Amino acid sequence: MKTVIFRAGARAALLCSVLALAACGSLLKKEAPPAPVPVADTLPNPQVLLLGEVHDNAQGQRLRVEELRRRLATGWRPVIVMEQFDRENQALLTRAARDCADPDCIIRVMEQPRWDWSLYRPVLDLVISYQLSLVAGNLSPADASRIVRDGIQWAMPPAMVATYLAAPVPADILDGQEKEVQAARCNMLPDMMIKGVVNAQVARDIWMAKLIRDQAPRDVVLIAGNDHVRKDIGVPRWLKLADPQLNVRSIGYLEQGGSGYKGTFDLTQTMPAQPRPDPCAKFKK
């Protein structure tokens, strides 16, 4: 920040001292930061490609869709599993992907209001253009709430429990998920709720792993948040447990200045942070 102030002169420095950081940036820098250069992935397409995201980062979303478009242009035709759709709506999603002529049609049919669909239209456009199979990968809010209350095994049939939960969930997964759950909620989550919310996150990852494996022998791309595609505590961990021979590759899309992700992806793409209000501001009042 000091470097920018010196370059802008004393008057700008005075203004910046009383303005919020975002406002200061708009005063001193007239142009948006340049788009990040995509990181080249030169390895062949894996059986499972996990593409992360910071949900509201528009540049990251563009980089990811370009990565997917590049691979599709070479003839690859994977199944697309998306966190943005709830698994209980799979039959409706299958019909929408088959019958809709544009992404907005799929969005209207599915009625999933929790997401900014302007960021996901390009992925859905690729699904339609290349006639790709589309799979709903998430738990519904109702299912997640039930898991918080009644435990992780509630949402899984016996065969899933036998495959993924024959032994207790590893302690490092629970510890890592707890850190992420707390950080996402500004460390304000009541102690009595932590275990339940962690269970819901673990259940999401297990379900995504199960749905990915259900697509065999077809290749799969997962579109999901960075935490889900982490190799240490996310979907890759459960895929390795169920099928150690599966060829899985994970790409994280991370905002510059972030921390805590070292070594958790096979490849990382960084981009400027998305301007956003402080999510913890309401807790600081």
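The values are calculated or read from the model by the stated rules, or taken from the named source; none is laboratory data. Not measured: the values here are computed from a predicted model. No Cβ is skipped: glycine too gets one built from the backbone with ideal geometry, and neighbour counts run over all protein chains shown. Keep in mind that these areas ignore ligands, DNA and RNA; they rest on the heavy atoms of the full protein, side chains included. Shrake-Rupley method; radii C 1.70, N 1.55, O 1.52, S 1.80 Å.
Taking the stretch 209-233 as the search range and keeping residues that are among the small types (Gly, Ala, Ser) and over 11 Å from the mean Cα position of the chain (by Cα), which one is most open to solvent (accessible area, probe 1.4 Å)?
Per the stated criteria, the residue is ALA216.
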With respect to GLN201, determine if the residue is open to solvent by 10 Å² or more (accessible area, probe 1.4 Å), in a helix (DSSP H, G or I), among the polar types (S, T, N, Q) and within 30 Å of PRO122 (Cβ to Cβ).
-> yes
Failed condition for ALA91, given (1) open to solvent by 40 Å² or more (accessible area, probe 1.4 Å); (2) among the aliphatic types (A, V, I, L, M); (3) within 12 Å of the chain's Cα centre (by Cα) = (3)
